Amino acid sequence: MKTLQVSNEIREAIIEQKPIVALESTIISHGLPYPDNKEVALRIHDIVREEGAVPATIAIINGQLKVGIDEEDIERLATEEGIVKTSLRDLPGVLTKRRTGSTTVATTSYAASQAGIRFFATGGIGGVHREFPNSMDVSNDLITLANSNICVVSAGIKSILDVPNTLEMFETLGVPVYGYETTRYPGFYTTDSGINVESITKEEAASLMRTKDHLTLDQSVHIAVPVPEEAAIDPDWMQSIILEALEEAKKQQITGKDITPFLLKTIHEKTNGQSVKANIALIKNNAKIAAQIASSYYNTN
Ligand code: PSU
Ligand code: MN
């Protein structure tokens, strides 16, 4: 059984050691509303190319785990009902039952790593949920990143989660965390979560990946990039909206894999679309920076 289908363009780029940036697809099916989801998915392909790298969006189409999907696949993920949000534990089932699914950060990292891709841009990664003591909810993103040997560029984790405990978990798992040209860990919708972090430049990030190669360490590296200032949301206002959304989730008894999409949608409604604007601005910015780090990694000796 052939489990991984790598597009011709990506296969060639791997052989020629060109910079490649993996992109996830849960943001298309569950993270952003239509038509923003489709427009952004296509736009970030252009952004990655403008920086001299090759974009590789990853998803499961009719039971095939594809590395490098095309516009037709993106359209399906953006519009169809019943696309399965596929974290790592869902992957065997989605493939076996020949379903169509979007990949989370965990599954995207796994597939990218299998294909030999070293850089990945996303909006937000999952983490330790605030209700952890009762729900035991920790995203599989953290566990999979611990052994997929990839550089993940995101805008931090959002404060729907327990940010300090997520950072503790990264330490436990041996995943290095840096702020991109900042000493404050970004809070996804906001530029500063209030937590200190070590700063890194793109050249240093590329060089860190090479150092890790020499050490044969399999942990991923997490680079957190602050949302562009003009799209950032007031932290106090955001905090109150998050608390309302969490309360709403409790009332409606939303649990498990449904909780993150539910919170994103509720926050979107409560901010009159401002959260979506921030999400779009930061994913574009992350795609650009991931492409620049990837280019530096492959073009410097
Ligand atoms: N955070 C966001 N936007 C997203 C997600 C997280 O700001 O779209 C998605 C990502 O695909 C992430 C997944 O990998 O949610 C985590 O889900 P869970 O918490 O159920 O593991
Ligand atoms: Mn979960």
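Total residues in region 154-179 satisfying the condition of being among the aromatic types (Phe, Trp, Tyr) and open to solvent by 10 Å² or more (accessible area, probe 1.4 Å): the figure is 1. Selection of first residues in region 259-287 that are charged (D, E, K, R) and of second residues that are part of a helix (DSSP H, G or I), restricted to Cβ pairs under 7 Å at least 6 apart or on distinct chains, gives the following pairs, ordered by first then second residue: LYS270/ILE241; LYS270/GLU244; LYS270/ALA245; LYS277/ALA231; LYS284/ARG43; LYS284/ILE44; LYS284/ILE47.
Region 194-301 holds helices (runs of 4 or more DSSP H) entirely within its bounds, and those carrying 2 or more residues that are open to solvent by 20 Å² or more (accessible area, probe 1.4 Å) and within 14 Å of ligand 1 (Cβ to nearest atom) map to 259-270, 274-299.
So that you can scan it fast, the table gives a plain yes or no per residue for (1) in contact (Cβ under 8 Å) with a residue 60 or more places away in the chain; (2) more than 24 Å from ILE150 (Cβ to Cβ); (3) not polar (S, T, N, Q):
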| site | (1), (2), (3) |
| --- | --- |
| ALA56 | yes, no, yes |
| ASN62 | no, yes, no |
| LEU65 | yes, no, yes |
| GLU72 | no, yes, yes |
| ARG98 | no, yes, yes |
| ALA111 | yes, no, yes |
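For every residue, the table says whether it meets (1) small (Gly, Ala, Ser); (2) within 20 Å of PRO228 (Cα to Cα); (3) more than 16 Å from ligand 2 (Cβ to nearest atom); (4) within 15 Å of the chain's Cα centre (by Cα).
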| position | (1), (2), (3), (4) |
| --- | --- |
| SER135 | yes, no, no, no |
| LEU142 | no, no, no, yes |
| ASN149 | no, no, yes, yes |
| PRO176 | no, no, yes, no |
| THR183 | no, yes, yes, no |
| GLU198 | no, yes, yes, no |
| MET209 | no, no, yes, no |
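Return a yes/no flag: does region 38-45 have any residue that is within 20 Å of GLY116 (Cβ to Cβ), more than 19 Å from the chain's Cα centre (by Cα) and either β-branched (Val, Ile, Thr) or open to solvent by less than 40 Å² (accessible area, probe 1.4 Å) (or both).
Taking every residue of region 38-45 in turn, none turns out to be within 20 Å of GLY116 (Cβ to Cβ), more than 19 Å from the chain's Cα centre (by Cα) and either β-branched (Val, Ile, Thr) or open to solvent by less than 40 Å² (accessible area, probe 1.4 Å) (or both).
Residue-by-condition table, conditions (1) within 16 Å of ligand 2 (Cβ to nearest atom); (2) in a loop (DSSP other than H, G, I, E, B); (3) within 12 Å of ILE283 (Cβ to Cβ); (4) in contact with an Asp or Glu (Cβ under 9 Å, 6 or more places away or on another chain):
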residue	(1), (2), (3), (4)
GLN17	no, yes, no, no
ALA22	no, no, no, no
ILE28	no, no, yes, no
PRO33	no, yes, no, no
LYS38	no, no, no, yes
ILE44	no, no, yes, no
ILE47	no, no, yes, no
GLY52	no, yes, no, no
ALA56	no, no, no, yes
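The criterion of at least 2 residues that are open to solvent by less than 10 Å² (accessible area, probe 1.4 Å) and under 20 Å from LYS2 (Cβ atoms) is met by the following strands (runs of 3 or more DSSP E) wholly inside region 64-153: 64-67, 101-103.
The values are calculated or read from the model by the stated rules, or taken from the named source; none is laboratory data. Keep in mind the model is a prediction, meaning the values are calculated, not measured. All Cβ positions, glycine included, derive from the backbone under ideal geometry; neighbour counts span all protein chains shown. What goes into the accessible areas is simple: the full protein's heavy atoms, side chains included, and nothing from ligands, DNA or RNA. Shrake-Rupley method; radii C 1.70, N 1.55, O 1.52, S 1.80 Å.
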